[in-house]
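Novice: Supplied in structure tokens, the structure appears directly below.
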Amino acid sequence: MTEPSQATQEALSYTSYLALDEVLNAQRMRSDEHDELLFIVIHQVYELWFKQILHEAEFLQRNLEAGNTAHSIRTLRRILTILKVAVAQIDVLETMTPSQFTSFRARLDASSGFQSAQFRELEAVLGRRDERVFAHYPEGGEQRKRIAEAMTRPSLFDSFLAYLKASGYSVECDRDVTRPVEPSPALQAILLDVYSDDGGPSVVAECLVDLDEGMQEWRYRHVKMVERTIGDKTGTGGSSGAAYLRTTLFQPMFPDLWAVRSRL
């Protein structure tokens, strides 16, 4: 009779399943300042949420392209809920005063939130096509590769177009997916039919509007948090800080879904 391996003899515990020894020892502070731990934990949690949103977005695109309305709506609602949690975390970060942040800011060296490869990948999944983001990632690096690949795949909106086609609408799905989404009067006419029919596709469309609005809310809260903390100082790592972040405000990811609203 074969002896069970040591691995099977050891019962899986809460700590081992969640790899808590690794997770809870991943906060490596570079100063003795009390508030640095909060800064690290908040940003690590953001990265975990970005990972989950990317995971959900991949599942969402598959379901949209398969014409699966129910799964698409449920997944969109999950993404929206995660995004709301991520935005709410800014409230926790804003309990740190400017002087508390300044006490350890210099220890961050060249590190900056602009280097969050997962957020850049998420932007690409949502349709952003801007090669300027590569300035923060070296040639040949894995992070740059993932962002570049996301920029050459169909975006979430392209998957939505495939979904509309699968749902019986005469949508053209041959656009260059390496280019940003541009407003299309022809598509807006089809979206009017989608909303007029008031079926599953209109619910999916409204969830996408919610997602677009949620991302804009994230950007707004982010820029106000930066202004509140460092004003118009140069951002961490030499970035332009709040000045750059303000340029990202009020730029919809899905312009047709907004343009059509004045005609509904």
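Novice: Using the Cα centre of the chain as the reference point, and only Cβ charges (+1 on K/R, -1 on D/E), how large is the resulting charge dipole? Debye, rounded to the nearest 20.
Specialist: 500
Novice: Further, regarding this structure: Dipole of the chain (Lys/Arg Cβ +1, Asp/Glu Cβ -1, origin at the Cα centre): which of S72, P180, A205 lies farthest to the positive side?
Specialist: Of S72, P180, A205, it is P180.
Novice: Given the Cα-Cα distance of K51 and K145 and 0.36 nm per residue of separation, how much length would full extension add, in nm?
Specialist: Values: separation 94, 0.36 × 94 = 33.84 nm, distance 1.62 nm.
Here the answer is 32.2 nm.
Novice: How large is the accessible surface of T247 in square angstrom, using a 1.4 angstrom probe and rounding to the nearest 10?
Specialist: For T247, solvent-accessible area is about 80 Å².
Novice: Using alpha carbon centroids, what distance separates segment 44-109 and segment 195-225, in Å?
Specialist: 15
Novice: A follow-up question, please. Based on the alpha-carbon set only, what is the convex hull volume of the chain divided per residue, in Å³? Write out the running numbers ahead of the final one.
Specialist: Details: hull volume 49.3 nm³, N = 264.
Each residue corresponds to 187 Å³ of Cα convex hull volume.
Novice: How large is Rg/Rh for segment 139-191, to two decimals, with Cα atoms and a Kirkwood Rh?
Specialist: Reported Rg/Rh (Cα atoms, Kirkwood Rh): 1.11.
Novice: Assign one of three labels to segment 50-169, namely rounded, prolate or oblate, based on the Cα gyration tensor with a ≥ b ≥ c the square roots of its eigenvalues; rounded applies when a/c is under 1.5, prolate when it is not and a/b is larger than b/c, and oblate otherwise.
Specialist: Because a/c hits 1.5 or more and a/b fails to exceed b/c, segment 50-169 counts as oblate.
Novice: Could you compute Rg(Cα) / (2.2 N^0.38 Å) for segment 38-117, with N its residue count?
Specialist: This ratio for segment 38-117 stands at 1.44.
Novice: Hey, could you pull the Cα Rg and Dmax for segment 107-195, both in Å?
Specialist: Radius of gyration, then largest Cα-Cα span, for segment 107-195: 16.5, 56 Å.
Novice: Then there is this: Determine ³J(HN,Hα), in whole Hz, for all residues of segment 34-51 in sequence, where each value follows from phi through the Karplus function 6.51 cos²θ - 1.76 cosθ + 1.60 and θ = phi - 60°; x replaces Gly and Pro.
Specialist: Going residue by residue, I get 4, 7, 5, 4, 4, 4, 5, 4, 4, 6, 5, 5, 4, 5, 5, 5, 4, 4 Hz, with x marking Gly and Pro.
The values are calculated or read from the model by the stated rules, or taken from the named source; none is laboratory data. These numbers come from a predicted model, not from an experiment. Here Cβ is always computed from backbone atoms with ideal geometry, including for glycine, and neighbour counts include all displayed protein chains. Side chains included, ligands, DNA and RNA excluded: accessible areas come from the protein's heavy atoms. Shrake-Rupley method; radii C 1.70, N 1.55, O 1.52, S 1.80 Å.
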